[in-house]
Amino acid sequence: MSSLTVRGAAVAIALLLGAGPLSPLAAAPACAAARDAKTTLKQMSLPELAEEMQAAVEAEDAPRLQAVARQMRRSPDFPQLPDEGRHGVLAIIALTTLELDGAAEALPELQAAVAAASPYDDVWIGLINAQLATEDRNAAADVLAALLARDPATLDALSDDFLRSFARDSRVDAERRFAVQAQLLAANWAAPHITYVWLDHIDGLLERGAEDKALAVVERIRSGPGVLQLRGLRRYDGLVATYGAERLDIAAAYARDLAEREAAAAAPEAAFDAAMDWVDSLFYAARFDEALAAAEALLARPAPAAGSRDAERRPWLADTRARVLQELGREAEAVVAQREAIAAGLDSDRVSHVINLGWLHLRQGRPSEALAAVSAVEAAHASPYGVMQAEQVRACGGHLAGQSAVADAALAYMREHWRDAPGAYQYTLACRGDADAVAELLIRRLQDPALAAEAALEFHDRLQPPKPTAFDARIDQLHRQVRARPDVRAAFDAVARPFAVPSLSAQF
């Protein structure tokens with residue numbers, strides 16, 4: 001596989017056809033002369049079309065380039081072109097159609113290029129993006145699995161963020177997710193924060209009776225949260241016994257995480273992501289003063305180039321800084337920091353920062369401000385999980401502010417869509433003081449194999465924040481009372497066991 005540039009493909013086609021490369025100065029006049037003479041593309045030979053193609057590239061005339069490539073494909077001589085030439089033409093058609101006409105129009109061209117075994121990563125990735133844009137996630141999974149099977153080195157052209165998300169996307173058929181995970185495993189994918197991809201794959205292998213293969217994947221589970229899940233959930237007892245429980249020490253795994261992230265952040269020319277991981281690690285280790293100092297030092301760096309990965313991540317650092325300030329009891333500063341995250345965030349991320357501001361207001365006992373923060377958030381702005389988070393703020397904030405119409409509408413939505421974010425629904429029921437409903441939902445989660453792992457995390461003995469708000473304390477007290485109920489505890493004991501964990505609980 002290789003990457004493709006339209007210019008590179010056009011030059012390669014020209015050389016194959018003996019047209020020779022055109023200089024930038026000669027390109028535009030040649031293209032213009034052809035039009036002035038009213039020489040139609042249909043009348044041109046393949047070498048002439050190759051010259052016209054180069055001229056269109058130099059003139060940055062994408063519609064003309066698309067038209068030339070389409071005419072090449074229609075030429076009776078097209079089948080006689082070498083493989084490289086045919087692949088180049090199909091790639092240019094597919095990618096210019098994607099750029100000019102959109103995903104739906106480009107799908108047939110991209111599918112044709114991939115069906116012809118295009119050697120270009122860009123074409124396969126273009127097809128995946130087009131399928132995602134047209135909401136055909138299962139087809140995208142099929143193409144991704146085929147792409148990785150064809151050439152594992154393609155991993156270098158794919159975003160780890162995308163792969164992490166896609167490999168666990170509940171909107172993708174389980175069999176197809178499993179196939180993608182299997183190809184990532186075969187390609188020896190190594191990226192930060194992929195423990196839960198491998199845990200999902202272990203589950204899939206166990207469901208298929210492939211314990212020996214699952215045991216091999218256990219070796220990849222090194223992070224604290226991953227080791228905790230292996231030790232905490234009874235469904236892994238056989239694997240853990242074979243692998244050796246002593247090799248899966250929870251405290252040691254969390255300590256290793258901290259040490260590795262500290263070293264990565266301290267390395268010369270450390271990546272922004274590595275420095276952010278260290279801030280997050282300090283936060284969850286309840287080392288808030290250190291986390292604040294590290295966050296502010298990172299924010300004091302020169303602003304990253306617009307459009308860069310660092311520029312995309314920087315607003316999330318401001319978001320984390322707001323959380324740190326809140327845990328230090330500096331509430332007004334936390335709100336200011338969260339507003340800074342909103343102002344700096346990308347359009348695709350800003351809604352998350354807005355929802356987090358609403359949650360921050362809830363924690364600080366200002367439900368009306370919480371409702372105002374999320375008032376403009378609509379379903380079209382967020383993922384199903386994100387919508388549940390916004391409705392959580394509305395349902396809880398409306399209840400506390402005495403706005404029953406808002407609260408009841410939000411709760412009705414959450415009741416219908418609770419599986420999109422079970423924890424959010426449970427948190428909302430706790431906010432409303434409905435202990436019986438919290439208990440019923442927690443039992444339901446623990447008895448569902450797909451939801452039990454997340455629900456079981458609530459029973460571990462974790463670090464406690466030093467300055468919980470009155471809101472935090474009320475929610476925590478209700479949850480403790482619910483978890484102590486005999487029926488709830490029995491449901492937990494059937495699927496998991498508790499451990500002491502040197503980390504804060506996951507937040508909103």
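The values are calculated or read from the model by the stated rules, or taken from the named source; none is laboratory data. Quick caveat: nothing in here was measured; it's all calculated off a predicted structure. Glycine also receives a Cβ, built like all others from the backbone with ideal geometry; neighbour counts cover every protein chain displayed. The area values use the complete protein model at the heavy-atom level, side chains included, leaving out ligands, DNA and RNA. Shrake-Rupley method; radii C 1.70, N 1.55, O 1.52, S 1.80 Å.
Here are the numbers for this structure:
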item	result
Surface accessible to a 1.4 Å probe, GLU416 within the full protein complex, Å²	140
Largest-first principal axis extents, alpha carbons of the stretch 346-507, Å	42, 33, 33
Structure-based [θ]222 nm, the chain - -39500 (n - 2.57) summed over DSSP H runs of at least 4, per residue, nearest 500	-21500 deg cm²/dmol
Gyration tensor verdict on the stretch 271-345 (Cα atoms; rounded if a/c is under 1.5, prolate if a/b is larger than b/c, oblate otherwise)	oblate
14 Å beta-carbon shell around ALA145, net charge (K/R +1, D/E -1)	-1
Hull-based mean projected area of the chain, where the convex hull spans the alpha carbons, in square nanometres	27.8
Largest-first ordering by accessible area, 1.4 Å probe, given options LYS42, LYS213	LYS42, LYS213
Accessible surface, 1.4 Å probe, highest first, among residues HIS399, HIS87	HIS399, HIS87
Normalised per residue, the volume of the convex hull around the Cα set of the stretch 388-431 (Å³)	45
Nearest 10 degrees, 0 to 90: helix 250-266 Cα axis against the chain principal axis	50
Protection proxy ranking of 466-473, 113-120, 271-278 - average other beta-carbon atoms within 10 Å, highest first	271-278, 113-120, 466-473
Unit Cα scatterers, Debye sum, the stretch 320-377: log10 I(q)/I(0) for q = 0.21 Å⁻¹	-0.72
Alpha-carbon gyration tensor eigenvalues x 5, square-rooted, for the stretch 295-426, Å	28, 17, 11
Rounded to the nearest 10 Å², the accessible area of SER165 at probe 1.4 Å	70
Accessible surface of ARG168 - all protein chains present, 1.4 Å probe, nearest 10 Å²	110
Lys, Arg +1 and Asp, Glu -1 on Cβ, resulting dipole of the stretch 346-507 about Cα centre, debye, nearest 20	440
The chain, dipole about Cα centre (Lys/Arg Cβ +1, Asp/Glu Cβ -1), debye to the nearest 20	900
Charge dipole of the stretch 101-144 about the Cα centre (unit charges at C-beta), most positive-ward option of ALA113, GLN131, LEU144	LEU144
The stretch 147-213 - charge dipole about Cα centre, Lys and Arg +1 at Cβ, Asp and Glu -1, debye rounded to 20	120
Packing-based ranking, highest mean first, of 452-462, 249-259 given that Cβ atoms within 10 Å are counted	452-462, 249-259
Of VAL377, ALA430, TYR196, farthest towards positive along the dipole that unit charges on Lys, Arg, Asp, Glu beta carbons give the chain	ALA430
